[in-house]
Structure formats: structure tokens, C-alpha cells
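J.: Provided herewith is a single structure, encoded as C-alpha cells, for subsequent inquiry.
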Amino acid sequence: MMVSGKKAFYLSVFSIFSFAFAKGQNKVPFGVVKAEEGYAMVRVHKDDYRKIIDKIRMKTGDVFIYEKPAPGETEWIWIKYPEKEDTEKPFVRYDSITKEGMVNKNRIVFVDNLPKFTPSKSKNGKSLIFTDDTNPKIPGNQRTKVIIDVYPSYAQIKKQEKDSNGNIVKIDKVKAWGVGKELPEGLMEIKSVRVQQPGRGSVFVRDAIKNMFQPSMDFENVGVTAIDNDHIFLYMINGSGENRYTTIWTIKQGKAESQIIYKTPE
């Protein structure tokens, strides 16, 4: 059976990787820099993989998308990552992944191989709760929590913009995720994400959750992991069919710092 180039890319990203380093990493293709030195260098190439044209410094906690083992290399993997803006902002959403290169596998770890928070649901079933139970000596009421609140959407009464094929691309001038040509009955969306930590915490800024429709309530598709108290990662696979999308938030020192989001049709 023939597989299109675009479909082949999605299959390659979500397949089970054969080499030992990627064992167990088969659902969420995100990796994160985790190095004792606090950084990793990405070798940027042009045309042939061996020709290095630049080196980019990524800090501990920076997130990327795993692509494949680097051709002809045993200690390096090929990654894609967003191009950061020169001016720092309190929060930034990346929905375009334009940069790529090689990074040494000893300086990174896959996000879903980091220590996981324990998942549960609220009594009304509308909130997903993730609790850091990795240290049993910490009293339950002092453990870090990430709470995702999901409620019915009012997008139907907001202004919609469609592309030439009739697909909804923006609602209230912001890109819409998880919807197609029409907004379905019973449309749900993320209403808030709350971080609770002793001595600090926050509610995600609106830009970090705006127009994220049909969020998954299945713990197979949602998770929270962490390097330490200062670097927490929330990832989700939302929507379905051609409207499915994958996203990850970086939570630094209790606040949402950045998000990567992109379509991943089934």
C-alpha cells in the first residue's frame, strides 16, 4: 500500500523507535534537554547531514520534537524545534516548527520517560488532576498539582473565519484547534489550567489555552511529567480524525512559559 509523504511523516513520528535509547517512547514525540551542564548544542546542517553550518545552544527544559536517529550516527538524534524570538515574552505559543538539527542523546530525555504525576479526575468529571507523588515524605496537601478544567464551549456565538475549503481556521481572530468545517454539538474546550505549588503557583494565561477544543479526558492521551520542581511538562493529544492535534506546555517555576502545538491527523 502506498503512503503519502505527509502521512509517512506522521507515522514516522509516532512509531515505536527501534534503537535502545527510544525504548518505551511510542506515543508523544517530545524530548527535553536534561544536561548536568545546563545546556545542549544542536548541530545545524545544510544539504548533507555532515556539513555543520551552525550550532544552537538549548537550555535545560527546552522542548523539541524527536524526528529520527541521525543518519550514520550512534550518539546523535535528529530533532525539530521552534525558532525562538529575539525578544523574550512572558508566554509564547509555537505552532510552526521550522528548525532542525542533531543533538547528542546523552543530553536529552523523552518527556514521557520523566517521572510522571499521578492522574485523577474531579468528582464532577470536568477536571483532570495530576499530583506529584514522587516523594512520599511530602504531605499530600503540599504536593505539586496541575489541574485542567474542561467545560462546554461558547465558540458558537463568536466570530469565525474559514479558509477556501470551508474549514474553520480562526475564532475571535485566534487559530482554532480540534474543529473542522462546523462546530459540533456538545463542543468542549479547555477553560483553565491551574498550577499549585507550595509558595507559588498560577493560572495559565488565556493565550496558553485559547481555542483548544475537544480536549481528551483519556489519561492515555494526557500526562504531566517533570525534571524537577522548576521544570514541569503537560502534554495532550486532543481532537480526533483529521482534526487531531498534539501539544505540550513548558511550566517553569510554576508558570506556563511556552507551548508547542501542531496538527497530527490520525
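The values are calculated or read from the model by the stated rules, or taken from the named source; none is laboratory data. Owing to the predicted nature of the structure, the values given are computational and were not obtained by experimental measurement. Every residue, glycine among them, receives a Cβ derived from its backbone with ideal geometry; neighbour counts consider all protein chains shown. Side chains are part of the model used for accessible areas, which takes the heavy atoms of the whole protein and leaves out ligands, DNA and RNA. Shrake-Rupley method; radii C 1.70, N 1.55, O 1.52, S 1.80 Å.
J.: Report the one residue of SER120, VAL103, HIS231 whose Cα lies farthest in the direction of the positive end of the charge dipole of the chain (charges on C-beta: Lys and Arg +1, Asp and Glu -1; origin at the Cα centre).
T.: Towards the positive end, the residue furthest out is SER120.
J.: Going by average Cβ neighbours within 10 Å, how do the peptides 133-144, 209-220, 34-45, 244-255 rank, with the highest at the top?
T.: Per-residue mean Cβ counts within 10 Å order the peptides as 244-255, 209-220, 34-45, 133-144.
J.: About the Cα centre of the chain, how large is the charge dipole given +1 on each Lys and Arg Cβ and -1 on each Asp and Glu Cβ? Please answer in debye to the nearest 20.
T.: Taking the Cα centre of the chain as origin, the dipole is about 340 debye.
J.: Okay, moving on. Using a 1.4 angstrom probe, figure out how much accessible area the stretch 130-266 has per residue, in square angstrom, rounded to the nearest whole.
T.: Accessible area per residue, the stretch 130-266: 47 Å².
J.: Return the equivalent ellipsoid semi-axes of the stretch 143-230 as a descending list in whole Å, where each equals the square root of 5 times an eigenvalue of the C-alpha gyration tensor.
T.: Over the Cα atoms of the stretch 143-230, the ellipsoid semi-axes are 30, 13, 11 Å.
J.: Something else: Have a look at THR131, TRP249, ILE79 and report the one farthest towards the positive end of the charge dipole of the chain, computed about the Cα centre with Cβ charges (Lys/Arg +1, Asp/Glu -1).
T.: Going by the Cα projections, it comes out as THR131.
J.: Please report, in debye to the nearest 20, how large the charge dipole of the stretch 156-257 is about its Cα centre when each Lys and Arg carries +1 at its beta carbon and each Asp and Glu carries -1 there.
T.: 460 debye
J.: Name the long-range amide H neighbours of ASP133: under 5 Å, sequence gap of 5 or more, or other chain; modelled H, no Pro or chain starts.
T.: The answer is THR118.
J.: How big is the stretch 88-221 in terms of Cα radius of gyration and Dmax, in angstroms?
T.: Considering the stretch 88-221 through its Cα atoms, Rg and Dmax are 18.1, 57 Å.
J.: On the accessible surface of the chain, probed at 1.4 Å, how many percent belong to carbon and sulfur atoms?
T.: Whole-percent figure for carbon plus sulfur exposure: 49.
J.: Is there a quick way to get the dipole size of the stretch 74-115? I mean about its Cα centre, with the Cβ of Lys and Arg at +1 and of Asp and Glu at -1; what is the value in debye to the nearest 20?
T.: Roughly 100 debye, rounded to the nearest 20.
J.: Of the beta bridges DSSP finds with both residues in the stretch 129-252, what % are antiparallel, to the nearest 5?
T.: 95 percent
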